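First up is the structure itself, then whatever we jot down about it.
The values are calculated or read from the model by the stated rules, or taken from the named source; none is laboratory data. The structure displayed is predicted, hence computed values, not measured ones. Reconstructed Cβ throughout: ideal geometry from the backbone, glycine too, with neighbour counts over all protein chains shown. The accessibility values were calculated without ligands, DNA or RNA, using every heavy atom of the protein model including side chains. Shrake-Rupley method; radii C 1.70, N 1.55, O 1.52, S 1.80 Å.
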Amino acid sequence: MRLHDLHVPSSFWVPLFCVVALGLAPGCICSQSNAVTLTPDLVVAGSPELLHVQAAPDSKLEGDWLGHKVQFFPAHDGRDWFALTGVDVEAPTGPSVLRVVVRSDKGALELSRTIEIHPAHYRTGSLTVPPKFVEPDPDDLKRIQAESQLKAKVFAASVSVPLWAGSFRAPVNAQPTDSFGTRRTFNGKLASIHKGMDFRAPTGTPVRAGNSGMVVLARPLYYEGNCVVIDHGLGIFTISMHLSRIDVKESQLVAEGERLGLSGATGRVTGPHLHWAVRWQDAYLDPAKMLRLNLDSVIGAAR
Ligand SMILES: [Zn+2]
């Protein structure tokens, strides 16, 4: 049972969530309007989380959670502030502290919440791939290291405003599989966690942008095959792998639904499919949960 199922007036819970800090008169002036809310409210490893807080338009908001900087942006009304964040699939479960500070000419208000991270129940599996993907030769290792540095650079930078608008949509018209978070062995040796969602797309199926953003990587990579990364702003990225053809260029702005290329079977695969991943900073989030997150009423004022 969740809190909201108890039908207790929401104002009852508010004093639990707020801490009044510097610059305010003694006593709690907190109301529901300055509590931080999370959607979805049940937080599990691998879940995207939309944070919301109300604050005056000229406020400055800062926050951190699980070692990540949380960047808020104002909605059109200027009073509703949002941050699209998430919990990495491998994040430790248990309590975590979400810290948010609202600064305005009235002073600083610290809103802190203890967020319980619940375990997600992911599966295990084994795959067989060509040996070069399990024990790469020295030349391949050099390539893999260079690509690893390139990817680190790409993911370290993100546009400072939200480029996405509204909910994310599936990148391909094909059946998804429920394999995010699966612990896998390759050829009985290499263990890794599957950090994306696979769609059963035959080679040549159009792959589209899940939301608007900027293409920040569009090239062949050793494991990912032909790969396209879109920066949606404020640390949110989507990644499409194993394409047979890339139709966009790096630095290109794309609209939601715009074709990025065609699906295929390049890189470390067992057959044709689209691997689609969602990242917030360095955290991998469950794409199925991102697709279910209703963002239609949330559009950044910076657009
Ligand atoms: Zn995959």
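Things to note:
- Counting the residues of the stretch 267-283 that are within 13 Å of the ligand (Cβ to nearest atom) and touching a Ser or Thr at 6+ places or on another chain (Cβ under 8 Å) gives 8.
- Any hit, the stretch 284-302, residues being open to solvent by 50 Å² or more (accessible area, probe 1.4 Å), more than 16 Å from the ligand (Cβ to nearest atom), of a type in the set (D, E, K, R) and in contact with a Lys or Arg (Cβ under 7 Å, 6 or more places away or on another chain): no
- Selection within the stretch 38-89 - touching a helix residue (DSSP H, G or I) at 6+ places or on another chain (Cβ under 9 Å) and either farther than 30 Å from H194 by Cβ or among the hydroxyl-bearing types (S, T, Y) (or both): S47, V53, Q54, A55, R79
- Within the stretch 91-110, residues that are touching a residue at least 40 places away in the same chain (Cβ under 8 Å) and surrounded by fewer than 16 Cβ atoms within 10 Å (Cβ to Cβ) have Cβ atoms under 7 Å from residues that are assigned to a loop (DSSP other than H, G, I, E, B) and polar (S, T, N, Q) in these pairs: S104/S59, counting only partners at least 6 apart in sequence or on another chain.
- The one condition in (1) surrounded by fewer than 11 Cβ atoms within 10 Å (Cβ to Cβ); (2) of a type outside the set (G, A, S); (3) more than 24 Å from the chain's Cα centre (by Cα) that H121 fails to fulfil: (3)
- Residues in the stretch 238-256 that are outside any loop (DSSP other than H, G, I, E, B) and within 16 Å of the ligand (Cβ to nearest atom): T238, I239, S240, M241, H242, L243.
- Selection count, the stretch 162-181, where residues are hydrophobic (A, V, I, L, M, F, W, C) and farther than 22 Å from G204 by Cβ: 5
- Pick from the stretch 235-251, criterion open to solvent by 20 Å² or more (accessible area, probe 1.4 Å) and touching a residue at least 24 places away in the same chain (Cβ under 8 Å), ranking: nearest to P48 (Cα to Cα): M241
- Residue match in the stretch 136-152 (condition: part of a loop (DSSP other than H, G, I, E, B) and surrounded by fewer than 16 Cβ atoms within 10 Å (Cβ to Cβ)): yes
- Count - residues of the stretch 45-77 that are on the phi > 0 side of the Ramachandran plot and open to solvent by 10 Å² or more (accessible area, probe 1.4 Å): 2
- Among the residues of the stretch 167-226, those identified as assigned to a strand (DSSP E or B), away from the ligand (no atom under 16 Å from the Cβ) and open to solvent by 30 Å² or more (accessible area, probe 1.4 Å) are P206, R208, M214, V216, R219, P220.
- L260 being more than 16 Å from the ligand (Cβ to nearest atom), hydrophobic (A, V, I, L, M, F, W, C), under 23 Å from P202 (Cα atoms) and not in a loop (DSSP other than H, G, I, E, B): yes
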